[in-house]
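> Below you will find the structure I want to go over with you.
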Amino acid sequence: MSYQDQITQVASLIEAKAAPWSGISAEAVARMRLQNQFRTGLDIARYTAAIMRKDMAAYDADPSKYTQSLGCWHGFIGQQKMISIKKHFGTTDRKYLYLSGWMIAALRSEFGPLPDQSMHEKTSVPALIEELYTFLRQADARELGMLFRDLDAAREAGDAAAERKALDAIEGHQTHVVPIIADIDAGFGNAEATYLLAKKMIEAGACALQIENQVSDEKQCGHQDGKVTVPHEDFLAKVRACRYAFLELGVEDGVIVTRTDSLGAGLTKQIAVSNEPGDLGDQYNSFLDCEEIAPSDLKNGDVILNRDGKLLRPKRLPSNLFQFRAGTGEDRCVLDSITSLQNGADLLWIETEKPHVEQIAGMMDRVREVIPNAKLVYNNSPSFNWTLNFRQQVFDTMQAEGKDVSGYDRAKLMSAAYDETPLAAEADERIRTFQADGAKRAGIFHHLITLPTYHTAALSTDNLAKEYFGDAGMLGYVAGVQRKEIRQGIACVKHQNMSGSDIGDDHKEYFAGEAALKAGGVHNTMNQFGEAA
């Protein structure tokens with residue numbers, strides 16, 4: 001409903017209520033409604049799921065239309081990302097947010113910083129989703145509030161052109177509310193636990209859930225050692241649990257991202273159930289590291305597989321885990337991916353040990369032989385040393401092409417001594433185009449960085465601490481932070497406005513009229529901050 005239609009509708013309601021409602025402004029109500037267009041988390045989940053489905057279709061038609069997101073650990077961080085995106089690009093199209101389980105564990109747990117092992121409170125996941133959308137909705141209210149003030153100023157000045165411009169901006173306003181891909185880890189328990197948590201996450205607004213095929217109580221960060229996977233049927237039960245949660249809550253377009261950690265996971269806790277040769281359980285077990293034995297070789301407590309008339313003893317470790325054969329990771333990833341897509345997943349996530357387009361493409365080519373429109377979510381992880389990895393990739397390419405690489409030490413290519421070399425320039429260009437190249441060549445629909453603001457917060461804090469507590473003193477803050485905020489037009493330089501002070505003033509005026517005691521008067525020091533100088 002348009003702004004003017006909202007005013008007309010509310011005016012009719014006020015008129016029908018007569019004198020008791022005479023102090024209510026129809027236009028003020030219309031403004032408040034526009035500033036709060038999403039009533040519940042389910043409204044958000046349905047709205048953002050439709051966005052993701054539209055974007056997925058657009059990517060299928062044109063791989064250059066991939067999507068991106070950055071990880072968040074606080075509502076304010078997510079809000080500032082979307083405000084910055086709108087400021088620099090004018091639209092939030094194809095820009096999402098990622099909710100990282102790693103960052104919740106490290107930064108949001110009541111136990112203090114924890115490793116990424118699903119030890120944090122699972123309720124903190126839906127709580128962060130709700131918090132992120134609270135801040136994004138507040139960003140809408142703030143931006144619309146400023147447009148309403150522009151409209152009022154134009155009317156006061158009798159400037160019809162400015163009034164029309166302000167009205168057009170209000171009608172064309174694009175919300176800051178975007179899809180969140182939310183990390184549900186390995187489900188925090190059995191399939192029922194996964195279902196219950198999925199419901200809470202969806203009710204908070206999540207339209208996309210990312211779940212991984214690790215054992216829930218042995219879960220590790222995707223870029224650490226010691227990962228243990230589960231048989232496909234166990235994992236698929238949790239995938240179905242997520243789908244049931246979406247359907248129960250009426251989010252029919254809900255998106256499930258299934259992550260396989262098999263590339264770096266050499267262990268399993270269970271032998272899969274197999275009823276006949278070649279079934280899914282048999283395929284899972286076929287990757288186990290086994291030795292053929294005779295009946296006389298049996299030992300007390302041995303676990304034995306019967307395959308094609310042969311007795312096979314899987315290698316069991318002192319931890320009671322079973323080991324996969326070395327070199328089977330990619331084959332297992334391909335089987336995981338195909339199986340997931342055939343059983344309810346919408347998008348894949350293959351966790352890799354390095355950012356290498358051709359490695360990813362090699363696996364996705366095999367998946368797409370079976371499912372042509374298979375699409376990937378890829379973790380552009382800070383766990384990778386991007387500089388070293390890409391410099392080594394360029395080194396290897398140069399060496400394969402017979403070029404002279406005698407001036408480089410492959411093991412030490414991270415050194416700043418190589419920063420101005422042609423090799424480094426080529427590596428940086430490959431890093432710059434990695435997302436576009438991966439989208440075109442490897443089927444990557446969505447690129448994300450899991451924990452960027454963890455690192456940016458640490459870097460900026462280190463720089464400020466060095467200056468402020470050093471010889472620069474207060475100049476360390478003014479030159480390094482505030483002056484840059486003013487000149488770059490960073491909204492938070494007016495931090496009172498960002499916290500909702502002006503919205504509160506508007507409400508005071510609605511509620512109390514001329515008697516309102518407002519904070520934004522001439523003595524408010526925020527008035528010292530004008531446009532960038």
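The values are calculated or read from the model by the stated rules, or taken from the named source; none is laboratory data. None of these values were measured; they are calculated from a predicted model. Here the Cβ is made from the backbone with ideal geometry for all residues, glycine too, and neighbour counts use every protein chain on show.
> Any idea which residue in region 507-523 is nearest to Met146 (Cα to Cα), counting only those that are among the aliphatic types (A, V, I, L, M) and loosely packed, with under 10 Cβ neighbours inside 10 Å?
Applying the filter and picking the extreme gives Val522.
> Within the set of pairs 6+ apart or on separate chains, which have a first residue in region 137-166 that is in the same structural domain as Lys87 (by TED's automatic domain parsing), a second that is surrounded by fewer than 21 Cβ atoms within 10 Å (Cβ to Cβ) and of a type in the set (S, T, N, Q), and C-beta atoms under 6 Å apart?
Between residues of region 137-166 that are in the same structural domain as Lys87 (by TED's automatic domain parsing) and residues that are surrounded by fewer than 21 Cβ atoms within 10 Å (Cβ to Cβ) and of a type in the set (S, T, N, Q), the close pairs are Asp140/Thr175; Ala141/Gln35; Leu144/Gln35.
> In the same structural domain as Cys72 (by TED's automatic domain parsing), in contact with a Lys or Arg (Cβ under 6 Å, 6 or more places away or on another chain), closer than 29 Å to Leu42 by Cβ and at pLDDT below 95: is that true of Ala191 in this structure?
Values: in the same structural domain as Cys72 (by TED's automatic domain parsing): yes; in contact with a Lys or Arg (Cβ under 6 Å, 6 or more places away or on another chain): yes; closer than 29 Å to Leu42 by Cβ: yes; at pLDDT below 95: no.
Judged against the criteria, Ala191 is not a match.
> Against the definition (assigned by TED's automatic domain parsing to the domain that holds Gln138 and surrounded by 14 or more Cβ atoms within 10 Å (Cβ to Cβ)), how does Ala425 come out, yes or no?
no
> Still on this structure, I have one more. Would you tally the residues in region 133-175 being among the acidic types (Asp, Glu) and under 17 Å from Ile85 (Cα atoms)?
Total meeting the criteria: 2.
> If you take the residues in region 442-481 that are surrounded by 14 or more Cβ atoms within 10 Å (Cβ to Cβ) and of a type in the set (S, T, N, Q), which one is farthest from the chain's Cα centre (by Cα)?
Thr453
> Also, quick follow-up: Go through region 4-54 residue by residue and tally those that are in contact with a Lys or Arg (Cβ under 7 Å, 6 or more places away or on another chain) and in contact (Cβ under 8 Å) with a residue 40 or more places away in the chain.
The qualifying residues number 2.
> Restricting the search to region 390-416, which residues are of a type in the set (A, V, I, L, M, F, W, C) and surrounded by 12 or more Cβ atoms within 10 Å (Cβ to Cβ)?
Kept after step one, since they are of a type in the set (A, V, I, L, M, F, W, C), are these residues of region 390-416: 390, 394-395, 398, 400, 405, 411, 413-414, 416.
Within region 390-416, Phe390, Val394, Phe395, Met398, Val405, Leu413, Met414 qualify.
> Related question: Hey, does region 420-437 have a residue that's part of a loop (DSSP other than H, G, I, E, B) and more than 24 Å from the chain's Cα centre (by Cα)? Quick ask: steps written out before the conclusion?
Residues of region 420-437 part of a loop (DSSP other than H, G, I, E, B): 420-421, 433.
Then drop every residue that is not more than 24 Å from the chain's Cα centre (by Cα), which leaves 420-421.
Yes, that holds for at least one residue.
> Answer yes if at least one residue in region 109-118 is out of contact with any helix residue (DSSP H, G or I) (no Cβ under 8 Å at 6 or more places or on another chain), crowded, with 20+ Cβ neighbours inside 10 Å and at negative phi, and no otherwise.
No, that holds for no residue.
> Related question: Would you list the helices (runs of 4 or more DSSP H) that sit entirely within region 271-384 and hold 2 or more residues that are in contact with a helix residue (DSSP H, G or I) (Cβ under 9 Å, 6 or more places away or on another chain), surrounded by 20 or more Cβ atoms within 10 Å (Cβ to Cβ) and at pLDDT 95 or above?
By residue number, 329-341, 357-370.
Okay, residues lined up against (1) in contact (Cβ under 8 Å) with a residue 60 or more places away in the chain; (2) out of contact with any strand residue (DSSP E or B) (no Cβ under 7 Å at 6 or more places or on another chain):
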| site | (1), (2) |
| --- | --- |
| Glu192 | no, yes |
| Tyr195 | no, yes |
| Gln214 | no, no |
| Leu236 | yes, yes |
| Ala241 | no, yes |
| Asp261 | yes, no |
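> Give me the residue from region 15-55 that is among the small types (Gly, Ala, Ser) and buried (at least 17 other Cβ atoms within 10 Å of the Cβ) and, out of that set, farthest from the chain's Cα centre (by Cα).
Ala26
> Collect the residues in region 227-268 that are of a type in the set (Gly, Ala, Ser) and not in a loop (DSSP other than H, G, I, E, B), keeping them in residue-number order.
Result: Ala237, Ala241, Ala245.
> Any chance region 463-480 includes a residue that's within 21 Å of Gln138 (Cα to Cα), of a type in the set (A, V, I, L, M, F, W, C) and outside the structural domain of Gln138 (by TED's automatic domain parsing)?
We begin by selecting, within region 463-480, every residue within 21 Å of Gln138 (Cα to Cα); these are none.
The answer is no, given that none of the residues of region 463-480 is within 21 Å of Gln138 (Cα to Cα), of a type in the set (A, V, I, L, M, F, W, C) and outside the structural domain of Gln138 (by TED's automatic domain parsing).
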